[in-house]
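The values are calculated or read from the model by the stated rules, or taken from the named source; none is laboratory data. Given the structure is predicted, the values throughout are model-derived calculations rather than measurements. So basically every Cβ, Gly included, is an ideal-geometry build from the backbone, and we count neighbours across all protein chains shown. Just so you know, the surface numbers come from the protein's heavy atoms only, side chains and all, with ligands and any DNA or RNA stripped out. Shrake-Rupley method; radii C 1.70, N 1.55, O 1.52, S 1.80 Å.
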Amino acid sequence: MSVTHVPEVLFVCVHNAGRSQMAAALLDHHAAGQVRVRSAGSAPADEINPAVVAVMDELGIDLSKEFPKPLTGEAVQGADVVITMGCGDVCPVFPGKRYLDWELPDPAGEAAEQVRPIRDEIDRRVRELLAELAPAH
């Protein structure tokens with residue numbers, strides 16, 4: 001039995017309370033263990049946006065136990081792919097990492113109706129990324 005590398009993806013957003021949390025939860029859900037997923041923020045909020053929790057719950061993904069986490073150099077260094085969420089975050093840059101920026105509207109202060117299309121666009125991008133990182137056997 002050969003041991004293969006499990007790719008690690010880090011989603012970064014300023015507050016780690018909306019976009020990055022949705023992206024991490026969606027990738028973790030779809031990857032089913034094929035990819036390690038983390039999220040963090042450069043200035044973490046106190047809690048995850050309640051509208052984000054609500055729209056993820058609609059998909060059967062529970063974010064109620066998640067919380068915003070601080071961005072560390074170690075988290076970036078441990079990731080194969082670092083994705084910022086269009087919020088101008090400054091990440092430490094390490095050689096050999098793939099960096100992407102997904103320009104997405106900020107769900108902060110928005111109602112579920114405005115957050116759903118953001119969630120759906122993140123879901124589309126996450127599925128594309130997963131197809132690259134863990135092609136079907």
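Checking V52 against (1) at pLDDT 95 or above; (2) within 14 Å of the chain's Cα centre (by Cα); (3) surrounded by fewer than 24 Cβ atoms within 10 Å (Cβ to Cβ); (4) among the hydrophobic types (A, V, I, L, M, F, W, C), which single condition isn't satisfied? Unmet condition: (3). Scanning the stretch 38-60 for residues that are hydroxyl-bearing (S, T, Y) and closer than 20 Å to D123 by Cβ turns up at least one hit.
Does V126 meet the test of being closer than 29 Å to H5 by Cβ, in contact with a Phe, Trp or Tyr (Cβ under 7 Å, 6 or more places away or on another chain), open to solvent by less than 40 Å² (accessible area, probe 1.4 Å) and β-branched (V, I, T)? No: the conditions fail for V126.
The set of residues in the stretch 37-65 being without any contact (Cβ under 8 Å) to a residue 24 or more places away in the chain, in contact with a Leu (Cβ under 8 Å, 6 or more places away or on another chain) and within 12 Å of Q21 (Cβ to Cβ) consists of V53 alone. Of everything listed in (1) more than 14 Å from L129 (Cβ to Cβ); (2) outside any loop (DSSP other than H, G, I, E, B); (3) open to solvent by 20 Å² or more (accessible area, probe 1.4 Å); (4) not acidic (D, E), the single unmet condition for V37 is (1). Given the structure, is A17 closer than 19 Å to D106 by Cα, open to solvent by 10 Å² or more (accessible area, probe 1.4 Å) and touching an Asp or Glu at 6+ places or on another chain (Cβ under 8 Å)? So A17 passes the test. Quick check on the stretch 6-34: of everything there that is assigned to a helix (DSSP H, G or I) and touching a Ser or Thr at 6+ places or on another chain (Cβ under 8 Å), which residue is farthest from V115 (Cα to Cα)? Taking the candidates together, the pick is A24. Residues that are at pLDDT 90 or above and surrounded by fewer than 17 Cβ atoms within 10 Å (Cβ to Cβ) within the stretch 78-98 comprise G78, D80, R98, listed in sequence order. Among the residues making up the stretch 7-30, those that are more than 14 Å from N49 (Cα to Cα) and in contact (Cβ under 8 Å) with a residue 60 or more places away in the chain are P7, E8, V9, L10, F11, V12, L26, L27, H30. Quick one: in the stretch 55-65, of everything that is part of a loop (DSSP other than H, G, I, E, B) and modelled with pLDDT of 95 or more, which residue is surrounded by the most Cβ atoms within 10 Å (Cβ to Cβ)? Ranking the candidates gives L63 first. Among the conditions (1) of a type in the set (D, E); (2) without any contact (Cβ under 8 Å) to a residue 60 or more places away in the chain; (3) under 14 Å from I122 (Cα atoms), D106 misses just one, which is (2). Residues in the stretch 48-87 that are within 23 Å of E128 (Cβ to Cβ) and among the polar types (S, T, N, Q): T84 alone.
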